[in-house]
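What follows is calculated from the coordinates using simple rules that are stated; it is not laboratory data. Nothing here was measured: the structure is a model prediction, and the numbers come from that model. All Cβ positions, glycine included, derive from the backbone under ideal geometry; neighbour counts span all protein chains shown.
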Ligand SMILES: CC(C)(COP(=O)(O)OP(=O)(O)OC[C@H]1O[C@@H](n2cnc3c(N)ncnc32)[C@H](O)[C@@H]1OP(=O)(O)O)[C@@H](O)C(=O)NCCC(=O)NCCS
């Protein structure tokens with residue numbers, strides 16, 4: 001069943017909830033004080049009333065535009081929240097003239113790989129031992145924007 005949610009830009013007031021979702025979602029989470037700097041990037045939250053269900057952060061990473069972080073609260077998963085965040089993020093990047101977006105995903109992350117495949121991303125590379133805790137390779141995925 002789809003979750004009722006609104007996707008909107010994140011504000012300072014969302015950062016505590018975002019940090020909690022991050023810590024729940026990842027074995028090697030971003031430090032809580034990292035998020036404030038990303039308010040100037042494309043930083044979206046999906047909300048249901050006052051509840052933050054998930055978030056997406058994208059921005060310039062080296063020579064490319066990259067989705068740098070995406071997570072949904074465990075209690076809100078498999079209800080289309082990440083799909084909506086991804087669609088809204090890609091639409092916003094396309095509106096800014098970005099033609100191709102990249103991301104990295106753990107090889108073992110079956111859920112995220114299925115999500116990205118369904119959203120039109122395809123494999124373009126591999127970063128060996130890219131992640132810590134546990135050490136693991138990353139698949140690099142890309143999607144052209146403006147192409148269905
Ligand atoms: C990956 C993640 C963001 C997916 O969020 P979500 O809101 O549950 O995803 P959605 O409900 O939008 O799923 C869309 C599609 O992705 C695929 N998918 C999502 N979770 C899946 C799972 N656990 N197993 C298999 N496929 C999955 C399915 O194709 C799904 O469509 P369906 O439910 O109609 O079958 C979420 O599981 C999460 O936060 N995981 C921990 C953090 C993480 O891994 N982030 C990505 C880092 S690269």
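For the reader, a short list of remarks on this structure follows.
- Scanning region 79-94 for residues that are within 10 Å of the ligand (Cβ to nearest atom) and more than 15 Å from the chain's Cα centre (by Cα) gives a single hit, 79.
- Residue check for residue 120: within 15 Å of the ligand (Cβ to nearest atom), within 13 Å of residue 146 (Cβ to Cβ) and outside any strand (DSSP E or B): yes
- Residues (in contact (Cβ under 8 Å) with a residue 60 or more places away in the chain and exposed (fewer than 13 other Cβ atoms within 10 Å of the Cβ)) located in region 117-148: 132, 133, 134
- Filtering 125, 59, 49, 97 for residues that are more than 14 Å from the ligand (Cβ to nearest atom) and more than 26 Å from residue 6 (Cα to Cα) leaves a single hit, 125.
- Elements of type strands (runs of 3 or more DSSP E) contained in region 15-99, each with 3 or more residues being without any contact (Cβ under 8 Å) to a residue 24 or more places away in the chain, surrounded by fewer than 18 Cβ atoms within 10 Å (Cβ to Cβ) and in contact with a strand residue (DSSP E or B) (Cβ under 7 Å, 6 or more places away or on another chain): none
- Residue tally, condition near the ligand (Cβ under 10 Å from one of its atoms) and in contact with a helix residue (DSSP H, G or I) (Cβ under 8 Å, 6 or more places away or on another chain), over region 100-111: 3
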